[in-house]
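Quick notes on the structure that follows.
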Amino acid sequence: MPKPRTKRGGAHEERKRKRHDEPEVNFDEETKRQRRDDEDNGNDYGDVDQEFSYRQDGPGEKEFFGMLADDEQEYFRRADEMLELNQFPTPDERDMFLQSVYREAKGKELKVASSQSCSRLMERLIQLADTAQKKQLFEAFGGHFLSLVQHRFASHCCEALFLRSAGVVTQELAGFVVDTKGASLDEQQQPESSMEHLFLATLDELEGSLGYLITDRFASHALRVLLLVLSGMPLEEQSSRTLLKSKRKEKITVVGSTEADAQNRGKRAVPASFTMAANKIMRDSVAGMDATGIQVLAKHPIGNPILQLILELDLTLNKGEAKEEGDKAENASPSLLQQLLPGAPRSLSDASSAASEFVNGMIYDQIGSRLIETLATHAPGKIFKALNQNIFLPRIQGYVRNDISCYPAIRVLQRLGKDDLAKAVDQIAPTVPQLVSKARYNVLATLFERCAARNINDETKKLMKGLKEGCGSQPADLVTTLCSFSASEDEEKKKKKDAQQLTKNEYAVQSHGANLLTTLLSISGPSKGVQESILALPTDLVLRLANTSLPTVTVLTTAIATPSSNSTFQKGLINTIMPHIPELATSQYGHNLINAIAEIPSKGKDWSIPHHMKDKIMTALGAHESQLRESWMGRSVWRTWKGDMWKTRRFDWKNWMKELDEIKAPAAAAPKNKGDPKANGERRANKDDKGAEEKHENADEGGENKDEEGDAEEDKKEKKKDKKEKKDKKEKKEKKEKEEEKEKKEKKEKKEKKEKKVSEAGDEQEKKKKKKKKSKDEDVEMADAEE
């Protein structure tokens, strides 16, 4: 609600009115920007007296669109509450209500968008709007986008409008779509602009102001959204989401918005004009900046994210290849990559060059290091190779120890080839205990993943040896150290009122440690050490592991779903938690472990849980059925274990368990760990990692690492052999099924023949009896006749 008018507020309004009415003699007529509607007085959004609008010179120029009346503000506030509650009897009534809100908001769009209390309603309306309504909003905002994107509340409405309208452009490329649903007769008679034209008109308004918009607190977010929409990149990817909005941004949602947003998902086709516009924005944003200006922008908390996005788009859309100076036109402006790394890749070999100094200066900066991450991920092969040989690889040992430079180092490790990765591990391996003490678990997880992907088993053993040294000599120390369970539960309760209320930093460290354990479980050698460590844990620590957080319980669910050379691992873990099954079934995180147990087969050498243990678990769950049904976690466990079938149809429940064994038996026989041998004795190929390797190797190393080509050929041979084995198994199975069907058919025929013989014998006996009876009756008749 607006504040009541006071004496101070009245005096302020009076002074503002006088300034507007008096001739402005103190301003320079040549530099003052004239109002757009001075000549034609074309204000389409309400009374001119209430919607006093003016502009100020310079980057901070804004417009004031007026305030909503009290009754209007109350109406929109109630409409927002009703949409959020969604208590409409039928969908039709909800649609009618939405149409009435749109009609009421017509002509007041700018006021609603810039209102603190009603801008959320505008965002919800945009999420539910159809194509025609989105175009109406574009036209309503038209001419004011420069002020709207800099407004604290209206900027969020602009972001929502840009994001939700991206899919319409792709639809119109396939064929022009005219959406007149809910439009009035007057609106249908007016020609409808294409969404492409509306976006380009918006860019025309922002052109010339991009230099200061990229560092504006609110406008920079809208500019990032525009760049993503113009580029055609997926809007829902994790990397895109982190660049689009801050962590503190309020998430505005409404029922039905997910279905309406379906057209904006995935990679979108965009017209050629959008690609040209995106390139122009990228050039204009950094045009006129020297090396010092770009370094300042790279360390700017608001300018750095949009610089990351511009660099990524520059390297992906334009392939990012550094062109030779002779091939470029003299008047062509250099790309952002050439401005960041002038003279690369040749200049990177000189430690005193501007390119080398830029990388060395940014990699330890808390904000600038994010730009180095983008550079390491998307840089062309020639430039990345020069960066790696001259800067990253010689100092990789120091980079991974630092809490800031470790993140760019992770991106570098993900792109290294087999030989370079082995060199990096040789440098890092002696410092692994130090990395454990500094909680650099994400670095260690990346090292283990890449070594497994490149099949460097010797380096994996070195890393595992250093990890055990850093965690402790006892087997249980591996899990307790990485999951931050070194202190007892009582000591944790003394520090905090609730043991699960961890600080943000502690939770991040614990999550990274749990993720490292999960990564180790996916690799054949280290997985054995993790499973031994879990078996060595006392019961209270196993329960803490299951109840603390989702990453920690994922360690247990992954461990129990991983085949083990120790055939008693699954059984030992189940025996540990057996007395606490009902407690875990109703736990927020522990119920995931109980659900995972149901998926394990009952027969198998490396991966099984006997039938009698599952019966015991189901009996414990059945004894606490009422307690389970009180929470969604318990209901999930009861549904996964098919508790109702167990209660009413025990025989069917046992058959379901047998069917589960048949389904899971092939998965139990197949190796699950990275690097496990296959049935034919060869190593297992990791498809996802292979795809990533081929992508980077083609760009980074060309034909230098020829041994990897041999690996690729071996992988192809393995695939062929696997297909052949699967085909043979399938043929054997089909042959067996045919034989069983034949046997069943023969048995059935024999049974039918036997029944037929029995029925024929019975018929003959009946005939004989009838014949005897008939002859007897004839004798009696003859005797009577004689008498």
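Here are the numbers for the structure shown:
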read-out: Breaking point among (1) assigned to a helix (DSSP H, G or I); (2) modelled with pLDDT of 90 or more, for residue 150; value: (1)
read-out: Condition broken by residue 395, with the remaining ones in (1) touching a residue at least 24 places away in the same chain (Cβ under 8 Å); (2) surrounded by fewer than 23 Cβ atoms within 10 Å (Cβ to Cβ); (3) within 21 Å of residue 345 (Cβ to Cβ); (4) of a type in the set (Lys, Arg) satisfied; value: (1)
read-out: Selection within region 124-147 - over 20 Å from residue 169 (Cβ atoms) and part of a helix (DSSP H, G or I); value: 124, 125, 146, 147
read-out: Residues of region 470-486 satisfying the condition of being closer than 14 Å to residue 439 by Cα and either among the hydroxyl-bearing types (Ser, Thr, Tyr) or open to solvent by 40 Å² or more (accessible area, probe 1.4 Å) (or both); value: 480, 481, 484, 486
read-out: Some residue of region 296-308 being modelled with pLDDT of 90 or more and polar (S, T, N, Q); value: yes
read-out: Those residues of region 621-636 which are over 32 Å from the mean Cα position of the chain (by Cα) and without any contact (Cβ under 8 Å) to a residue 12 or more places away in the chain, in sequence order; value: 626
read-out: Residue identified as free of Cβ contacts under 8 Å to residues at least 24 places away in the same chain, assigned to a helix (DSSP H, G or I), over 23 Å from residue 534 (Cβ atoms) and in contact with a helix residue (DSSP H, G or I) (Cβ under 8 Å, 6 or more places away or on another chain) among 618, 645; value: 645
read-out: In region 578-611, residue nearest to residue 625 (Cα to Cα) [restricted to those that are open to solvent by 10 Å² or more (accessible area, probe 1.4 Å) and hydroxyl-bearing (Ser, Thr, Tyr)]; value: 586
read-out: Residue list for region 199-238, restricted to those being open to solvent by 20 Å² or more (accessible area, probe 1.4 Å), in a helix (DSSP H, G or I) and closer than 14 Å to residue 274 by Cα; value: 200, 201, 203, 204
read-out: Qualifying residue in region 402-409 (condition: among the β-branched types (Val, Ile, Thr), touching a residue at least 40 places away in the same chain (Cβ under 8 Å) and surrounded by fewer than 19 Cβ atoms within 10 Å (Cβ to Cβ)); value: yes
read-out: Residues of region 567-576 classified as among the hydrophobic types (A, V, I, L, M, F, W, C) and buried (at least 21 other Cβ atoms within 10 Å of the Cβ), total; value: 2
read-out: Single unsatisfied condition, residue 85 versus (1) modelled with pLDDT under 90; (2) open to solvent by less than 40 Å² (accessible area, probe 1.4 Å); value: (2)
read-out: Residue check, residue 559 surrounded by 15 or more Cβ atoms within 10 Å (Cβ to Cβ), among the small types (Gly, Ala, Ser), in contact (Cβ under 8 Å) with a residue 60 or more places away in the chain and under 25 Å from residue 473 (Cα atoms); value: no
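The values are calculated or read from the model by the stated rules, or taken from the named source; none is laboratory data. All figures in this text were calculated on a predicted structure; none of them were measured in a lab. As a convention, Cβ positions derive from the backbone with ideal geometry for all residues, glycine included, and neighbour counts pool all protein chains shown. Accessible surface areas use protein heavy atoms only, side chains included; no ligands, DNA or RNA. Shrake-Rupley method; radii C 1.70, N 1.55, O 1.52, S 1.80 Å.
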